[in-house]
1. What are the trypsin sites (Lys or Arg not before Pro) within the range 180-245 that DSSP puts in a loop, where the Cβ has at most 15 other Cβ atoms within 10 Å?
2. So what's the projected area for the range 281-396, the Cα convex hull averaged over all directions, in nm²?
3. Lysines near Lys295 by alpha-carbon distance under 29 Å, same-chain residues fewer than 8 away left out - which ones?
4. What percent of all Cα-Cα pairs in the range 145-266 falls in each 10 Å bin, counting up from 0?
5. Is any residue of the range 350-365 close enough, with backbone N under 14 Å, to a label point placed 7 angstrom from the Cα of Ala294 along the Cα-Cβ axis, and if so, which?
6. Which FRET efficiency value, to the nearest 0.05, do you get for Lys25 and Gln66 by plugging their Cβ-Cβ distance into 1/(1 + (r/R0)^6) with R0 = 22 Å?
7. Using the count of nearby Cβ atoms within 10 Å as a rough guide to exposure, how do Phe52, Phe334 rank from fewest to most?
8. Over what distance in Å are the Cα centres of the range 181-201 and the range 230-246 separated?
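Quick note: the coordinates plus some simple rules give every number you see, no bench work behind them. Being a predicted model, the structure only gives us computed values, none of them experimental. Glycine also receives a Cβ, built like all others from the backbone with ideal geometry; neighbour counts cover every protein chain displayed.
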Amino acid sequence: MFGAESIAQQPTKTVAQLADEIDRKLAILQKNAAPEAASEIASSISEQLSEFAQQSIMIFGEHRRQVDEKLKELRKSLDDLKSNSSDNPTADVVATEAQRTWAAVKAHYPKEALNILPPLWSCSMHQDLMEPAPGNCPICGMPLEPIYVTQPQLTQTPIIRAELVTKAPLEVGKKADLRIRLLFNQDGRPVRLDDLEETHTRKIHLLISDLSETDYHHEHPEPVGDGEYAFSFTPMRPDTYRIWADLKPSLTHVQQYSVADIPSATPRQGALALEEPENRHSEINGYKFDLTFAKVPIHEKETVPAKLRVTGPSGEPSHDLEVVMGAFGHFVGFCDDFSTVLHIHPVGSAIEQPEARGGPELPFYFRSNKPGTVRFFAQVKIRGKEMFPRFVIKVQPLQHLPSL
């Protein structure tokens, strides 16, 4: 995550961490804390209860209703404690009652949800990677982030769904002004920017492709309403287009894709991508883009070092790559199922100086967890113009030797 906002933002705590802090603060209140300190502690607990309730996605149904009632009682006790903090006998009674109510709240939680275990460390872009210690992702180089295994929201199932709001079907060559609506699956609540964590300078990345996986766009929508975000792009194909909204909910700290389709005015003219030969070379406006891999062939579930090399129109190596979302380039691949997306970033730290320039090579790590054809796009910016060179990569199935 990059940018001043993400640096200043405090990491979201788990249910277990919040419960532990509330336990300790309530224990201090029962030890006859000084009036001013008691009032301050009670206010702090009240704030943490809101975060605790928001994080408690493992509690639902009748348990959720009872937890909400008990939390309401607990907040009232804390308000009483603040107003009676100078009256020690009354404060003692209220603090004891608050402890009792808090114990009733925790009784609704599975034991493992309230136990703090040492975190595993994972890459938000490669969720199947789990490491026992901090460091950098061996695939894309991004810093690993702690994943607390007591949280049952560690799942591949998206917790946010996407819906498209459109006035008319897409038309080739005509700019389309669209809105995407983001909602939590559990309760239909609109997803606001505060519900999302920043990745590569943005909180929402829209990866957009047509059925043939030929026309790719990367857009960043802007909020225009409660849970609604506006964006535009110009389709160059007569196909239905699909959007993968790349999000990182604060509730889970896990990157997810919410998918929605945009209808076309000429849907019958569109078709899924045809079989095509491997191609590791592309050319745009005289610039040549070449992919190289440390080993070939590439097999599924293998992490392979790779490079993108950029050559200028005159044949000289290009050192003019500009900063795009904190890096000198980005990569997105679409598998031939028109469902699976690979989102890859160059190896290296975030680039914070907008005037910095890079090239001619961008190193990265390629990995696909399934065999087949990957239509692979680079995104670079040269002299103010963004370019999206397209490649075709073949990923082979793993070969299993027969047992002897």
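1. Details: sites: Arg181, Arg192, Arg202, Lys203, Arg242; in loops: Arg192, Lys203.
Those that pass, being in a loop and sparsely packed, are Arg192.
2. Numbers: hull surface 28.0 nm².
Mean projected area for the range 281-396: 7.0 nm², to one decimal.
3. Lys307, Lys370, Lys381, Lys394
4. 13, 44, 29, 11, 2
5. 363-365
6. Numbers: r = 23 Å, r/R0 = 1.04.
The computed FRET efficiency comes out at 0.45.
7. On the way: Phe52 21, Phe334 25.
The order, fewest Cβ neighbours first, is Phe52, Phe334.
8. 20 Å
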